[in-house]
Structure formats: structure tokens, C-alpha cells
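Visitor: Take this structure first; my questions come after.
The values are calculated or read from the model by the stated rules, or taken from the named source; none is laboratory data. Predicted model only: the values in this text are computed from it and were never measured. With ideal geometry, Cβ positions are generated from the backbone for all residues, glycine too; neighbour counts draw on all protein chains shown.
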Amino acid sequence: MDIPRHLAIIMDGNGRWAKKRLLPRSAGHREGLRRMISLSEHAFDRGVEYVTLYALSTENLSRPKEELDGLFSLFRKYFAENIERLKKKGIKLKVIGDTALLPPDIAALSREGENGTAGGEKGTLVLAIGYGARQEILAAVNAAVRAGKELSQEDFSALLSTAGIPDPDFLIRTGKEKRLSNFLLWQAAYTELYFSDKLFPSFTNADLDRAFENYAARDRRYGKVEP
Ligand code: IPE
Ligand code: IPE
Ligand code: MG
């Protein structure tokens, strides 16, 4: 079966999952974090080489302070409890997004996590925190303007935060919405899209297996005609 080499997930629906259960939104995020860890391990076990997870967008940064503080605490917990585990499994961590928008200790933990796992050769986990694709594209355009030279697609890709990482083959969005919400707009030009109505904390490893089956049945033509 053809497994995507690079899987990206827009992890949406934590708040609604909690609301349905009359729980605070933070409970949805906590459960979402558990799912995130399990799903990414499952993906690597299935042979995926790159897993990119949309954990916080630049636009999410204007949510109420209380919710953001809860999310930041969860990121701290994630870094504290998972870096050793990633290291043991040979998974390299990469954090993308504007860390200047985050509390300084989270930016520091991200760098430490990246440095601590830099030797990983089995896979790469890309965590998008404070990430926005338009912001990323504009930063690259401005760098190119400053350098004063025209770019090829490869040159442009190399200026993005995902430099060196192949484009995603398969992108899953949970939580019913059918949109990209400012995620990987350049990189997803030919990505296969999959939308699940399940809210992220309810999206199981078996759901991921079903999504992989759906991916394997697709015909990626890249604009060409069938041979
Ligand atoms: C996704 O869940 C996680 C983040 C954006 C941080 P939401 O918090 O967007 O959950 P819903 O969409 O309100 O249910
Ligand atoms: C997208 O979810 C961002 C993440 C999952 C991190 P949102 O909940 O922010 O997206 P919209 O607001 O529904 O577009
Ligand atoms: Mg949402």
C-alpha cells in the first residue's frame, strides 16, 4: 500500500469536542495533545517519514488570554515529556512559525527540542506553532527582494521555514471545516486533501489507517493525462 511520505494534519475541533461534553475548551486541547502524540507515533510506525502538525496559527494568537495560556502550558508539557522519547525513536523535531510571537520560554524550549533531537534519522516531526503561511511567504519574498535576484521554485522553497522538507503528500483536516486556514499555502500546491467530520480528539489511529487507504486509492496526475 502506498503510504504518504509526508503527512500533514490540521488538528481542528478540540473546542467543540469539549463543549459537547460540557467541559472547558482546555480539556479539549489536553485530549487533543494526547491524540497528537499517538497519531504521530502511529504514522511513523506505518512508514511515514515526515509528520507536520498544525498546532497554533498566527490568527489563533488573538484568542482569549486564558485559552492561550492553557495552550502554552500544554506545549511546555509536551516539550518536557516528549523530547527524550523522540530522541529514542530517532525522530528529529522541527518547529516552524514565528517564535517571536510566543512566550520566550516556549521559543527556547523549541530550540532545545530541535537541538536535542537533531541526530534523529528515522523521521521528522514538524510542529507548526504561531505559524501562518502568508506570513511565511511574505518573509521569503522580502528576503528575495533584499537580495535583489529572481528566484526559481526551488530557490523560493529554500527560503521558507520548511526548507529541506519535501512538500506534503497528504493533508488531513479534522473537525468538519473544509479550508486550509493559512496552512502551507505554497507547499500544498499538489497535496492530496482529506477532510474528516470527526473532531480532533475523536480522530483515532484506526481513522488514520482509513485515511491512508483512501490516499492509496488516489491517482496523482500533477496536471498530466493518464499514460
Ligand atoms: C484546534 O481546535 C486547536 C487549535 C486551533 C489550537 P479549536 O480550538 O480550533 O477547536 P474548535 O474548532 O473551536 O472546535
Ligand atoms: C486551524 O484551526 C488552526 C489549527 C488547527 C492550529 P482554526 O480553528 O484556527 O481554523 P478556523 O478559524 O476554523 O479557520
Ligand atoms: Mg477550530
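Visitor: Inside the range 87-99, can you point out the residues that are in contact with a helix residue (DSSP H, G or I) (Cβ under 8 Å, 6 or more places away or on another chain), in a helix (DSSP H, G or I) and at pLDDT 95 or above?
Guide: 87, 89
Visitor: Would you point out which residue out of 63, 16, 46 is on the phi < 0 side of the Ramachandran plot, away from ligand 2 (no atom under 15 Å from the Cβ) and modelled with pLDDT of 95 or more?
Guide: The unique qualifying residue is 46.
Visitor: Mind checking which pairs have a first residue in the range 68-88 that is within 18 Å of residue 38 (Cα to Cα) and a second that is away from ligand 1 (no atom under 16 Å from the Cβ) and in a helix (DSSP H, G or I), Cβ under 7 Å, 6 or more apart or different chains?
Guide: Listed by first residue and then by second, the contacts come to 76/109; 79/109; 79/113; 83/113; 83/116; 87/116.
Visitor: With 56, 93 as the choices, which residue is hydrophobic (A, V, I, L, M, F, W, C) and within 16 Å of ligand 3 (Cβ to nearest atom)?
Guide: After applying the criteria, what remains is 56.
Visitor: For the range 50-71, enumerate the residues that are surrounded by fewer than 17 Cβ atoms within 10 Å (Cβ to Cβ) and either of a type outside the set (Gly, Ala, Ser) or under 18 Å from residue 170 (Cα atoms) (or both).
Guide: 59, 61, 63, 64, 65, 66, 67, 68, 69
Visitor: With the checklist (1) away from ligand 2 (no atom under 12 Å from the Cβ); (2) touching a Ser or Thr at 6+ places or on another chain (Cβ under 7 Å) in hand, flag the one item residue 10 doesn't pass.
Guide: Of everything listed in (1) away from ligand 2 (no atom under 12 Å from the Cβ); (2) touching a Ser or Thr at 6+ places or on another chain (Cβ under 7 Å), residue 10 misses just condition (1).
Visitor: Further question: Identify the residue in the range 133-185 that is small (Gly, Ala, Ser) and in contact with a helix residue (DSSP H, G or I) (Cβ under 7 Å, 6 or more places away or on another chain) and, among all such residues, is nearest to residue 35 (Cα to Cα).
Guide: Of the residues in the range 133-185, the ones small (Gly, Ala, Ser) are 133, 139-140, 143-144, 147-148, 152, 157-158, 161, 163-164, 175, 181.
Imposing the further condition that a residue be in contact with a helix residue (DSSP H, G or I) (Cβ under 7 Å, 6 or more places away or on another chain) reduces the set to 140, 161, 163, 175.
Details: 140: 33, 161: 25, 163: 27, 175: 14 Å.
Checked the range 133-185; the qualifying residue nearest to residue 35 (Cα to Cα) is 175.
Visitor: Checking the condition at negative phi and touching a Leu at 6+ places or on another chain (Cβ under 6 Å), which residue from 117, 99 passes?
Guide: Step by step, each of 117, 99 is checked, and only 117 is at negative phi and touching a Leu at 6+ places or on another chain (Cβ under 6 Å).
Visitor: Would the range 143-159 turn up any residue that is within 16 Å of ligand 3 (Cβ to nearest atom) and touching a residue at least 12 places away in the same chain (Cβ under 8 Å)?
Guide: no
Visitor: Tally the residues that are part of a loop (DSSP other than H, G, I, E, B) and surrounded by 14 or more Cβ atoms within 10 Å (Cβ to Cβ), restricting the search to the range 186-211. Please lay out each step first, then the result.
Guide: Going residue by residue through the range 186-211, those that are part of a loop (DSSP other than H, G, I, E, B) are 186-191, 196-199, 203-204.
Pick out the ones that are also surrounded by 14 or more Cβ atoms within 10 Å (Cβ to Cβ) and you get 186-188, 191, 196, 198-199, 203-204.
Residues flagged as part of a loop (DSSP other than H, G, I, E, B) and surrounded by 14 or more Cβ atoms within 10 Å (Cβ to Cβ) within the range 186-211 amount to 9.
Visitor: Scanning for something within 16 Å of ligand 1 (Cβ to nearest atom) and out of contact with any Asp or Glu (no Cβ under 9 Å at 6 or more places or on another chain), does the range 133-154 turn up at least one residue?
Guide: Scanning the range 133-154, I find at least one residue that is within 16 Å of ligand 1 (Cβ to nearest atom) and out of contact with any Asp or Glu (no Cβ under 9 Å at 6 or more places or on another chain), so the answer is yes.
Visitor: On to the next question. Kindly provide the set of residues from the range 18-30 that are farther than 24 Å from residue 132 by Cα and in a helix (DSSP H, G or I), ordered by number. Reasoning before the result, please.
Guide: Looking only at the range 18-30, we keep the residues that are farther than 24 Å from residue 132 by Cα, and these are 18-24, 27.
Within the range 18-30, 18, 19, 20, 27 meet the criteria.
Visitor: So, residue 106, is that one in contact with a Gly (Cβ under 7 Å, 6 or more places away or on another chain) and either without any contact (Cβ under 8 Å) to a residue 12 or more places away in the chain or not in a loop (DSSP other than H, G, I, E, B) (or both) or not? Walk me through it before giving the result.
Guide: On the way: in contact with a Gly (Cβ under 7 Å, 6 or more places away or on another chain): no; either without any contact (Cβ under 8 Å) to a residue 12 or more places away in the chain or not in a loop (DSSP other than H, G, I, E, B) (or both): yes.
Criteria not met by residue 106.
Visitor: Checking the structure you have, find out if any residue of the range 132-139 is touching a residue at least 60 places away in the same chain (Cβ under 8 Å) and either within 16 Å of ligand 3 (Cβ to nearest atom) or surrounded by 14 or more Cβ atoms within 10 Å (Cβ to Cβ) (or both).
Guide: Checking the range 132-139: at least one residue is touching a residue at least 60 places away in the same chain (Cβ under 8 Å) and either within 16 Å of ligand 3 (Cβ to nearest atom) or surrounded by 14 or more Cβ atoms within 10 Å (Cβ to Cβ) (or both).
Visitor: Looking at 193, 208, 184, which one is on the phi > 0 side of the Ramachandran plot and out of contact with any Phe, Trp or Tyr (no Cβ under 7 Å at 6 or more places or on another chain)?
Guide: Details: 193 fails: on the phi > 0 side of the Ramachandran plot; 208 fails: on the phi > 0 side of the Ramachandran plot.
Sole residue among the options that is on the phi > 0 side of the Ramachandran plot and out of contact with any Phe, Trp or Tyr (no Cβ under 7 Å at 6 or more places or on another chain): 184.
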